[in-house]
Amino acid sequence: MDTVRSAMWDDGPGIDRRAAAHLRDRHRSVLRELITSVPLPDAVRLAKRYGDRFAADHDGTPLPARLTAADEGPLALLAAADEALVVRAAARAARASVCVHPVVTGSAAWLSFGVSAPVLTLTTVEPDYATRIAMLREGAWHDVYRGPLDHHAVACIDEENVVAVREDPGHGRTLVHYARGSVRPVAQGAALTGMQPVGTAAGFAAGSALQPAVVVAGPGLVAGIVDLSPLGLDVAHRLAVAPDGHTIAFGGERDIVITDARAERLIARTVVPVPRGPVRELVFTGPDTLVACGAGGGLSRWRKEPHEALTLEAVGQAPPLGGLCAVPAWGVVAGHAGSEGRYRFFDPVTLGPACVPRPLTEAGHEPRTVRAISASADGRFAAVGAYGGVADPTLTVHDSHHPQAPLLRPLASLTAHDLAALQGADVRSAPHDPEDLQTLALLRDLVAHRSGA
């Protein structure tokens, strides 16, 4: 239900307003679905408040028992829960699943997550005008590069490898590979102007802004150049990597093309209808879906189909956006609207406007104080650079795979995969607080019911 989908990502007061709008008997199924779809603290609160609408008679029997007798198992579990305990566990989860760093972040273009690796690079200009590329690894920052050379683009591959386009004296623009304290030139020349590198599961790819060509590297990071003009592309720097890192989408003047990570095999292709093109930004929202933003604005959602096809599934209104990214744990696609000086958020399925994600509002941020939002291709991490009003700038990294993070997500967004993670949590990283364990057990039971497990 669209009503439930939009409501379940709302904040607490917004969820309460949505629930209150569905108290009539004919809306009972919507109310039930809403209660069992929202984040656990909200679900417990609503079940206790509205459980009587689903329970059999009022004979003095406690509400959970009456709900069980009425075959309302999930509502019975929620109504029986200790609300204060659940709220405390969610608050601990919010603290445990984020790391806050007192650093300045000017743009999402200078944040890059590794591919299937829990690392992040941040590129900044120091007070002495030196460029610094630092990698966040195991909670600490490590310098990848610090020196006088200007960098135009940086992409993190994994814990040991980073690629970048920089200015080298005597050589001009140079694509370089940083690894284990060393640096190796990969390509040089003016043709690298506007080049955009990204990490992939195979190594890296760097798309040209001047021609339909991409520099690609495999497991040994030995680079080669692939001509994409036979696929109809005019440029190759508008690109996005799939969640598993094994495919890349390229956006052109008229086309969207998906290839394997080495750009050797065509996987899917489509012509982008006017006015959805030319493509300005691309982001995968799932293994088979991606969202594109046009140079003149507007969003389009595409699904990969058999026989090298892409099907247009939805369109939405939006200004031209930069730094387009998908954050599944927040239920949004986000992009910076330069014409408005703020971030905009959209539902990844309908492409309609979405609320500011709850983790941002609860941290005191609003669209104009957020300077950068970036997400890992696999959807696990999101990084938010913000000025909190008069507060110092911060970079906050959210980990949606933290063992306690599911307590913050809507119940309806948790899948059988999440259930497996809840059942097989690493003992070393699992919470040890009895309240947290009890709350996670409740969550596990509810997700199992929704999954039919």
Q) By the scheme Lys and Arg +1, Asp and Glu -1, what is the net charge of all other residues having a beta-carbon under 12 Å from that of Val186? A) +2
Q: Express the C-alpha Rg of segment 15-139 as a ratio against the empirical globular expectation 2.2 N^0.38 Å, rounded to two decimals.
A: 1.68
Q) How far apart, in nm, are two points set 7 Å out from the Cα along the Cα-to-Cβ line at Glu253 and at Asp143? A) 4.5 nm
**Q.** Value of [θ]222 nm, deg cm²/dmol, for the chain, DSSP H segments ≥ 4, -39500 (n - 2.57) each, nearest 500
**A.** -6000 deg cm²/dmol
(Q) Sorted from largest to smallest, which semi-axis lengths in Å does the alpha carbon gyration tensor of the chain give for its equivalent ellipsoid, taking the root of 5 times each eigenvalue? (A) 43, 24, 19
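Hey, any idea what % of segment 171-271's accessible area is carbon plus sulfur with a 1.4 Å probe?
Details: 2110 of 3980 Å².
Roughly 53 percent of what the probe reaches on segment 171-271 is carbon or sulfur.
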**Q.** Solvent-accessible surface (1.4 angstrom probe) belonging to His432, in square angstrom, nearest 10
**A.** 140 Å²
(Q) Could you work out the pair-distance distribution P(r) of segment 307-453 from its alpha-carbon pairs, with 5 angstrom bin width and percents rounded to whole numbers? (A) 2, 8, 16, 18, 17, 15, 12, 8, 4, 1, 0
Q. Tell me, what is the FRET efficiency for Asp52 and Glu435 to the nearest 0.05, using R0 = 35 angstrom and their Cβ-Cβ distance as r?
A. 0.80
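Which chymotrypsin sites (Phe, Trp or Tyr not before Pro) in segment 101-180 sit in a loop by DSSP (not H, G, I, E or B) and have at most 16 other Cβ atoms within 10 Å of their own Cβ? Spell out each step's value before the answer.
Details: sites: Trp110, Phe113, Tyr129, Trp141, Tyr145, Tyr178; in loops: Tyr129.
Counting only loop positions with at most 16 other Cβ atoms within 10 Å, the chymotrypsin sites (Phe, Trp or Tyr not before Pro) in segment 101-180 are Tyr129.
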Q. What is the distance in Å between the Cα centres of segment 80-124 and segment 186-217?
A. 30 Å
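Multiply the residue separation of Thr61 and Glu362 by 0.36 nm, subtract the distance between their alpha-carbon atoms, and state the gained length in nm to one decimal. Walk me through the numbers on the way to the answer.
On the way: separation 301, 0.36 × 301 = 108.36 nm, distance 3.76 nm.
Contour length minus the Cα-Cα distance gives 104.6 nm.
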Q) Quick one: if you stick a label point 7 Å off each Cα along the C-beta vector at Glu167 and Val104, how many nm between them? A) 1.9 nm
Q: Excluding Asp234 itself, calculate the net charge of residues whose Cβ lies under 9 Å from the Cβ of Asp234, where each Lys or Arg counts +1 and each Asp or Glu counts -1.
A: -1
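Could you calculate the FRET efficiency of Gln188 with Asp288 from 1/(1 + (r/R0)^6), where r is the beta carbon distance between them and R0 is 51 Å, rounded to 0.05? Provide the component values of the computation, followed by the final result.
Numbers: r = 37 Å, r/R0 = 0.73.
Rounded to the nearest 0.05, the efficiency is 0.85.
When Lys and Arg each count +1 and Asp and Glu each count -1, what net charge do the other residues less than 12 Å away from Leu136, Cβ to Cβ, add up to? Walk me through the numbers on the way to the answer.
On the way: positive: Arg137; negative: Glu138, Asp143, Glu159, Asp399.
Summing Lys/Arg as +1 and Asp/Glu as -1 gives -3.
Over all directions, average the projected area of the Cα convex hull of segment 194-239 and note it in nm². Could you put the intermediate results ahead of the total?
On the way: hull surface 11.7 nm².
Taking a quarter of the hull surface, the average projection is 2.9 nm².
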(Q) At 7 Å along Cα-to-Cβ for each site, give me the label-to-label distance between Leu210 and Glu264 in nm. (A) 2.8 nm
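The values are calculated or read from the model by the stated rules, or taken from the named source; none is laboratory data. In this text the structure is predicted, and so the values were computed from the model without any measurement. FYI the Cβ positions are ideal-geometry reconstructions off the backbone, even for glycines, and counts take in every protein chain you see. Ligands, DNA and RNA are excluded from the accessible area calculation, which covers all protein heavy atoms including side chains. Shrake-Rupley method; radii C 1.70, N 1.55, O 1.52, S 1.80 Å.
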